[in-house]
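Trainee: Pasting in a structure now, in structure tokens, and then I'll have a few things to ask.
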Amino acid sequence: MYAETVICKLYEARTDLGLTQQQVADGADMNVRTLINIEKGRSIPSLLYAMKLANFLNIPVDQLFEYQSADHKLNKNL
């Protein structure tokens, strides 16, 4: 069975701007380890961190995430 998924696009946003993980972590006032875990999909940021990241990257918060429903994954595998 497939579950709903939230995909964080932080890596793409960061690299498109030519920023290092440390620069983004410092700019969003967060630990670099936390940022790495978010980029690797090991954790989903809290709303506060999502807003801090979006603010620092100067993009809307909804551009950092993509929602995939269970139905989307099922249709993709057909």
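Trainee: Got a number for residues in the stretch 13-34 being in a helix (DSSP H, G or I) and either more than 11 Å from Leu57 (Cα to Cα) or not charged (D, E, K, R) (or both)?
Mentor: Here the count works out to 12.
Trainee: Among the residues of the stretch 1-12, which ones are closer than 21 Å to Leu48 by Cα and either modelled with pLDDT of 95 or more or in a loop (DSSP other than H, G, I, E, B) (or both)?
Mentor: Answer for the stretch 1-12, where residues must be closer than 21 Å to Leu48 by Cα and either modelled with pLDDT of 95 or more or in a loop (DSSP other than H, G, I, E, B) (or both): just Lys9.
Trainee: Sticking with this one: Take Met51 and tell me if it is touching a helix residue (DSSP H, G or I) at 6+ places or on another chain (Cβ under 9 Å) and part of a loop (DSSP other than H, G, I, E, B).
Mentor: no
Trainee: Counting only residues that are surrounded by fewer than 16 Cβ atoms within 10 Å (Cβ to Cβ) and either touching a residue at least 40 places away in the same chain (Cβ under 8 Å) or among the basic types (Lys, Arg) (or both), how many does the stretch 12-66 have?
Mentor: Number of matching residues: 8.
The values are calculated or read from the model by the stated rules, or taken from the named source; none is laboratory data. These numbers were taken from a predicted model, which means no experiment stands behind them. Cβ atoms come from the backbone with ideal geometry, glycine included; neighbour counts cover every protein chain shown.
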